[in-house]
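S.K.: This is the structure I want to talk about, given as C-alpha cells.
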Amino acid sequence: MWGSVVVSLLFWGFANEVTTVSEAKKYYPLFGMFANVALVFSGQFVRYVSKLHTSLPAGVDGWGVALKLLMSAVVASGGVIMAAFRYLNVAVLKEADGSDGAPSPSGKLAPKKKKKPSMSIGESARHLASSAYIRSLATLVICYGMAINLVEVTWKSKLKQAFPDPSAYSAFMGSFSSATGVATLAMMLFGRFVFRKWGWGTAAMITPAVLLGTGVAFFALCLTGNTFAPLLSTVGLTPLMLAVFVGAAQNIVSKAAKYSLFDPCKEMAYIPLDAEEKTKGKAAVDVIGGPLGKSGGSLVQQLLIFGFGSLAASTPYLAVILGGIIFAWMGAARSLSGQFDAAMQQQQAAEGSPEAAADTSAKAKAR
C-alpha cells in the first residue's frame, strides 16, 4: 500500500505543482516509462532472491534471507528518493525561483509551496457534493479501485492455490512485475500517441475498456474452465494454471493501461483548476476516492462470501458487479472529458491565447 498509494500520491502531487498542462501531455507518460524501467529490474531482483534458497546450505532459512535482501533494497531505494527530492527543492526549484522571485528559464515563476489543507471525511464529502468536476474525478478513482480489487483478489486466490510455497509465489510475482514493466513501457509509447492524436477523453476511456475486456475473459475462464480440462491436459495445463496465466495477463495489461494512461489522465485533470480548487479537490479525492475504492471492493467481496459461503461461489456475482462498476466509470470519464475541455478553454482564454481556446472549443464540439 505504501509504495502503490502513498509514494505515488506524493510524486504526482509534486509533479502537478511544477508542470503545466502542455508539459504534462509530453512528460507524464515519460515519468511512468522511467518508473517502469525500475519495475522490470525490481521484478528480476525479486525473482533472483526468491530462488536463493536453492544455493544456501542446509538449515539456513532461505525465505528469511530473501526478506532481508528485499527490505535492504527498499531502504536503499527510499534513501535515493529522499536525496533526489531534497536536491530538486534545494538546488533546482530554489535556484529557478530565486530569493527575489525571479522567473525561471521557462519564463514562469516556480510555484510556491502551499500547505495542503487537512480535510476531514465530512469536509471532503461536502466538497465532492459541491463540485461536479471533482465528483466525476473521484468517481473515476473509486471505480478503478473497486474494479481492480475485485479482479485482483479473485486472481490471487487462484495464484495461492497454484503456488502454495512462498518462495515459488514470490518468484512468480517477480516475473509478473517484470512483465508488467515491459508492457507498461510499450503502453507509454502508445499513450503519448493517444494524447497527441485524440486527447484526454479518448485516453481516459482506454483503461476501463481494457479492464472490461480482460475481466470478462478472466471471469469466463473461472466459471467454465473445467469444461476444457480434457483439452488442457493434452498440452500439460490444468484449468487452475490457465486461470493463473490468463489472470496474470489481465493484470499486466490492466496495470500497464493504468500506469500509462489512467494515472496521467487523473493528474492532468487537476492542472486547469485554480490553486484553491486544485488543492482542496485533490485532498477530497485522496481522503474519499482512493480509500473508498479499495475498501468498497473488499466490502463487496466480504458480503458475497458471507452470503454464498466462498469466493468461488461468489464469482458469477463478482463478474456482474464488475461490469456495472466499469460502465459507471466510463460514464464518469465521458462527463469529465467535457468538463476538462471547458476548463482548458477557460484557462487558455484567461491566459490570452484565443487561438488555443478556439482550438480546444472545436475539439470539444467535434467530440
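The values are calculated or read from the model by the stated rules, or taken from the named source; none is laboratory data. Source: prediction; values computed, not measured. FYI the Cβ positions are ideal-geometry reconstructions off the backbone, even for glycines, and counts take in every protein chain you see. Quick note on the areas: whole protein, heavy atoms, side chains included, nothing else; ligands and nucleic acids left out. Shrake-Rupley method; radii C 1.70, N 1.55, O 1.52, S 1.80 Å.
S.K.: At a probe size of 1.4 Å, how large is the accessible area of K280, to the nearest 10 Å²?
M.R.: 80
S.K.: How many nm separate the modelled label positions at A73 and R334, each set 7 Å beyond the Cα in the direction of the Cβ?
M.R.: The two pseudo-label positions are separated by 4.4 nm.
S.K.: Arrange the peptides 302-313, 284-295 so that the one whose residues have, on average, the most other Cβ atoms within 10 Å appears first.
M.R.: On the way: 302-313: 12.7, 284-295: 20.1.
Result, highest mean first: 284-295, 302-313.
S.K.: Tell me, what does the Kirkwood hydrodynamic radius of segment 152-203 come to in angstroms if you use every pair of distinct C-alpha atoms? Don't skip to the answer; put the middle values down first.
M.R.: Working: mean 1/r = 0.0755 Å⁻¹.
For segment 152-203, the Kirkwood estimate is 13.2 Å.
S.K.: Kindly provide the GluC sites (Glu not before Pro) of segment 257-353 that DSSP labels as loop, not H, G, I, E or B, and whose Cβ sees at most 11 other Cβ atoms within 10 Å.
M.R.: Details: sites: E267, E276, E277, E351; in loops: E351.
Listed in order of number, the matching sites are E351.
S.K.: Apply the a/c threshold of 1.5 to the C-alpha gyration tensor of segment 115-271 and tell me whether it is rounded, prolate or oblate. Walk me through the numbers on the way to the answer.
M.R.: On the way: a/c = 2.25, a/b = 1.85, b/c = 1.22.
Prolate, since a/c reaches 1.5 and a/b exceeds b/c.
S.K.: Next up: Please give the charge dipole size of segment 205-312, origin at the Cα centre, charges +1 on K and R Cβ atoms and -1 on D and E Cβ atoms. Round to the nearest 20 debye.
M.R.: Working: 7 positive and 6 negative charges, 39 e Å.
The calculated dipole for segment 205-312 is roughly 180 debye.
S.K.: In Å², what does the accessible area per residue of segment 243-325 work out to with a 1.4 Å probe? Intermediate values should be presented prior to the final figure.
M.R.: Numbers: 3040 Å² over 83 residues.
Solvent-accessible surface per residue comes out at 37 Å².
S.K.: Something else about it: Step through the residues of segment 78-85 one at a time and calculate ³J(HN,Hα) from phi using the Karplus curve (6.51 cos²θ - 1.76 cosθ + 1.60, θ = phi - 60°), rounding each to whole Hz and writing x for Gly and Pro.
M.R.: Here the 3J(HN,Hα) series is x, x, 5, 4, 4, 5, 5, 5 Hz.
S.K.: Can you send over the carbon and sulfur percentage of the accessible area for segment 206-336, probe radius 1.4 Å, protein chains only?
M.R.: On the way: 3860 of 5370 Å².
It is 72 percent, rounded to a whole number.
S.K.: Cα atoms only, segment 234-324: Rg and Dmax in Å?
M.R.: Every Cα atom of segment 234-324 included, Rg and Dmax give 18.4, 62 Å.
S.K.: Using a 1.4 Å probe and ignoring any ligands, DNA or RNA, find the accessible area of V40 and quote it in Å² to the nearest 10.
M.R.: 30
S.K.: Among W198, W329, what's the order by accessible area (1.4 angstrom probe), most exposed first? It would help to have the intermediate numbers written out before the result.
M.R.: On the way: W198 115, W329 0 Å².
Ranked from most to least accessible, the order is W198, W329.
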